[in-house]
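Trainee: What follows is a single structure, and I will ask about it in a moment.
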Amino acid sequence: MVQFNHLLIAFLVVFALRSLFQLTLNRLNVSHLRKKGGHVPRVFQGSVDGEKLARISAYTADSSNFGIVVTVFDQALLLAILLSGFLPWLYETINRWQPSFIIRGLAFFAVLAMISHLTHIPFALYSTFVIEDRYGFNTRTLKLWFSDWIKSIAISVILSGALLLLLLALLYHVSNTWWLWAWMAIGAFELIMLWAYPVVIAPLFNKFEPISNVELKDRIVSLMEKAGLRVRGVFQMDAGKRSKHTNAYFTGIGRTKRIVLFDTLLDSHPEEEILSVLAHEVGHWRKKHILKQLVVMEILSLIGLYLIAKMLHWPYIYQSFGFGEPVAYIGLILVCALLSPLGYFFRPIGSAISRRFEREADDAAVTLMGTVKPMRDALRRLAAENLANLVPHPIYAWFYYSHPPPVERISRLQHMEGGGP
């Protein structure tokens with residue numbers, strides 16, 4: 001039986017404050033869009049007309065409101081699972097089989113994962129076949145969507161199952177120092193995934209071919225050499241069979257390092273802009289942003305696992321949610337649920353660091369290209385094509401945005417070249 005003690009009440013207060021803050025920020029952002037979104041910002045004049053601006057505003061509002069619906073549902077589902085007594089019931093039900101500790105843990109997590117995946121199907125379908133379709137982005141068929149979903153589930157079962165199996169084994173066999181071994185195992189797993197993703201997982205969903213434009217490929221290779229970066233190949237991806245959104249990225253480590261260009265990007269951008277987008281990504285490598293992010297994530301991961309380990313055997317937590325005794329694998333869920341609302345309020349720190357990295361990468365791209373114009377034009381076109389919000393509320397952008405807002409970013413570039421058009 002759930003006990004409404006001081007711990008549970010404090011959790012519910014922080015949980016409610018987070019939910020209220022999320023709803024308020026979203027409302028603030030949509031209201032700001034309605035007030036300021038009727039005029040094309042100066043840096044977008046000539047590239048965005050009134051009709052495009054109206055589509056941007058409508059897409060932003062629809063996406064934001066739908067995102068809040070999903071968030072509210074997720075939080076309501078979590079509270080229902082935590083407060084209804086479902087977790088103790090599930091624990092007792094699995095225990096009747098009398099399996100081993102590890103098998104009980106795997107079954108427990110499997111049921112929760114299945115609930116999450118199944119309840120999110122309607123939202124994923126609505127996002128793809130209503131919102132994305134309404135604004136001309138979706139090109140995916142229902143058959144392809146379900147094929148992707150089945151593959152994602154299979155990959156998740158294999159990879160997450162293997163990692164969870166190892167974690168449960170550590171909890172059972174080395175209960176005092178499991179968190180340190182888990183930290184090392186998770187770090188190794190992440191490195192393996194960075195290496196394997198481009199050559200094992202990504203090809204299960206998309207077709208990757210050497211870029212067909214030989215001249216562009218040579219220019220890309222030359223740009224990489226100028227930056228002192230060697231890659232194993234330059235590939236184009238058939239992203240257009242799922243969406244008309246445009247993008248490009250680096251992926252892999254060591255011998256699997258490669259450049260990937262969306263076919264939608266190749267079809268809609270001139271070569272200079274494509275090179276500037278890649279130069280921006282190269283900037284992240286030259287500034288060691290990926291390495292810095294990995295180091296920070298590993299430090300936070302170590303601290304997080306240590307805190308979880310310290311709280312894992314605290315009987316008060318289990319009593320609060322209806323358990324008579326500590327159970328390590330259930331404690332993982334309960335402790336993470338307790339800490340998650342607090343962690344949300346630290347999000348602006350990560351956002352600010354990410355925006356700083358993006359500005360540094362923009363600077364590096366300008367240096368590599370020797371001019372501001374292609375980067376500026378690429379950002380204009382990317383924002384217009386992807387219907388990016390041109391006037392986010394400053395507080396919303398400060399809290400959530402991992403990239404500087406488009407107007408701020410382009411204005412900064414124009415200032416670098418003396419305010420040219």
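Values quoted throughout were computed directly from the atomic coordinates according to the rules given, and no laboratory measurement underlies them. Treat the numbers as computed from the prediction; the structure is a model and nothing was measured. Cβ coordinates were reconstructed from backbone atoms using ideal geometry, including for glycine residues, and neighbour counts include every protein chain displayed.
Trainee: I need the shape label for the stretch 295-362. Rule: rounded when a/c is under 1.5, else prolate if a/b > b/c, else oblate, with a, b, c from the alpha carbon gyration tensor.
Mentor: Note, shape of the stretch 295-362 comes out prolate.
Trainee: Nothing charged except the Cβ atoms of Lys and Arg (+1) and of Asp and Glu (-1): what's the magnitude of the dipole of the stretch 347-421 about its Cα centre? Round to the nearest 20 debye.
Mentor: Roughly 120 debye for the stretch 347-421.
Trainee: Then there is this: Once the convex hull of the C-alpha atoms of the stretch 1-111 is built, how many Å³ does it hold per residue, rounded to a whole number?
Mentor: Expressed per residue, the convex hull around the Cα atoms of the stretch 1-111 is 156 Å³.
Trainee: State the percent of C-alpha pairs, over all pairs in the stretch 285-409, separated by a distance greater than 20 angstrom.
Mentor: 61
Trainee: Enumerate the amide H contacts of SER243 below 5 Å, restricted to partners 5 or more residues apart or on another chain; note that Pro and chain-start residues carry no placed amide H.
Mentor: Residues meeting the criterion, in which the H sits 1.01 Å from N, are THR139.
Trainee: Given R₀ = 30 Å, what would the calculated FRET efficiency be for GLU360 paired with ALA162, taking r from the Cβ atoms and rounding to 0.05?
Mentor: 0.25
Trainee: Another question, if that's okay. I need to check one value: relative contact order of the chain, counting alpha carbon pairs closer than 8 Å and at least 6 residues apart, in percent.
Mentor: So the answer I get is 23 percent.
Trainee: Over all directions, the average projected area of the alpha-carbon convex hull for the stretch 139-195 comes to how many nm²?
Mentor: Directional mean of the projected Cα hull area for the stretch 139-195 stands at 5.0 nm².
Trainee: Taking the Cβ of ARG412 as the center, what net charge do the other residues with Cβ under 13 Å away carry, scoring Lys and Arg +1 and Asp and Glu -1?
Mentor: -1
Trainee: Is the stretch 332-396 rounded, prolate or oblate when judged by the Cα gyration tensor, a ≥ b ≥ c being the square roots of its eigenvalues, rounded requiring a/c under 1.5 and prolate requiring a/b larger than b/c?
Mentor: prolate
Trainee: So for the stretch 65-121, what percent of the C-alpha to C-alpha distances run longer than 12 Å?
Mentor: 71
Trainee: Average the reciprocal distances over every distinct pair of alpha-carbons in the stretch 256-325, invert the result, and give the Kirkwood radius in Å.
Mentor: Its Kirkwood hydrodynamic radius stands at 16.5 Å.
Trainee: Oh, and also: If you stretched the chain out fully between SER212 and ILE103, how much longer would it get, using 0.36 nm times the residue separation minus the C-alpha to C-alpha distance?
Mentor: 34.3 nm
Trainee: With Cβ to Cβ distances under 12 Å as the rule, what net charge do the other residues near GLN22 carry (K, R +1; D, E -1)?
Mentor: +2
Trainee: Explain nothing, just the number: dipole magnitude of the chain about its Cα centre with +1 on each Lys and Arg Cβ and -1 on each Asp and Glu Cβ, in debye rounded to the nearest 20.
Mentor: Rounded to the nearest 20 debye, it is 360 debye.
Trainee: Test of understanding: extend the Cα→C-beta vector of SER402 to 7 Å, then name every residue of the stretch 43-66 with backbone N under 15 Å from that spot.
Mentor: Under 15 Å, as judged by backbone N against the label point of SER402, lies no residue of the stretch 43-66.
Trainee: When the Cα atoms of the chain are enclosed in a convex hull and the volume is divided per residue, what value in Å³ results?
Mentor: Dividing the Cα hull volume of the chain by its residues yields 149 Å³.
Trainee: Jot down the per residue volume, in cubic angstrom and as a whole number, of the convex hull over the alpha-carbon atoms of the stretch 161-230.
Mentor: 98
Trainee: Would you tally the net charge around ARG356, using a Cβ to Cβ cut-off of less than 14 Å, leaving ARG356 out, and scoring K and R as +1, D and E as -1?
Mentor: Cβ neighbours under 14 Å give a net charge of +2.
Trainee: Taking every alpha carbon pair in the stretch 232-351, what does the distance histogram look like in 10 angstrom bins from 0, in percent?
Mentor: 11, 26, 21, 20, 16, 6, 0
Trainee: How big is the dipole moment of the stretch 114-190 about its Cα centre under a simple scheme where the beta carbon of each Lys and Arg is +1, that of each Asp and Glu is -1, and everything else is neutral? Debye, nearest 20, please.
Mentor: 160
Trainee: Taking the stretch 109-263 on its own, what percent of its Cα-Cα pair distances exceed 22 Å?
Mentor: Of all Cα-Cα distances in the stretch 109-263, 59 percent exceed 22 Å.
Trainee: Can I ask one more? Which whole-Hz couplings ³J(HN,Hα) result when phi for each residue of the stretch 111-117 is put into the Karplus expression 6.51 cos²θ - 1.76 cosθ + 1.60, θ = phi - 60°, listed in order with x for Gly and Pro?
Mentor: Karplus values, whole Hz, x for Gly and Pro: 5, 5, 5, 5, 4, 4, 5.
Trainee: Lysine pairs in the stretch 197-337 with Cα distance under 20 Å, only those 8 or more apart or on different chains: how many are there?
Mentor: Close lysine pairs under the 20 Å cut-off: 12.
Trainee: May I ask what percent, to the nearest 5, of DSSP beta bridges between residues of the chain are antiparallel?
Mentor: Antiparallel bridges make up about 65 percent of those DSSP assigns within the chain.
Trainee: Shape call for the stretch 50-170 from the C-alpha gyration tensor, a ≥ b ≥ c root eigenvalues: rounded (a/c under 1.5), prolate (a/b greater than b/c) or oblate?
Mentor: Prolate is the answer for the stretch 50-170, as a/c is 1.5 or above and a/b outweighs b/c.
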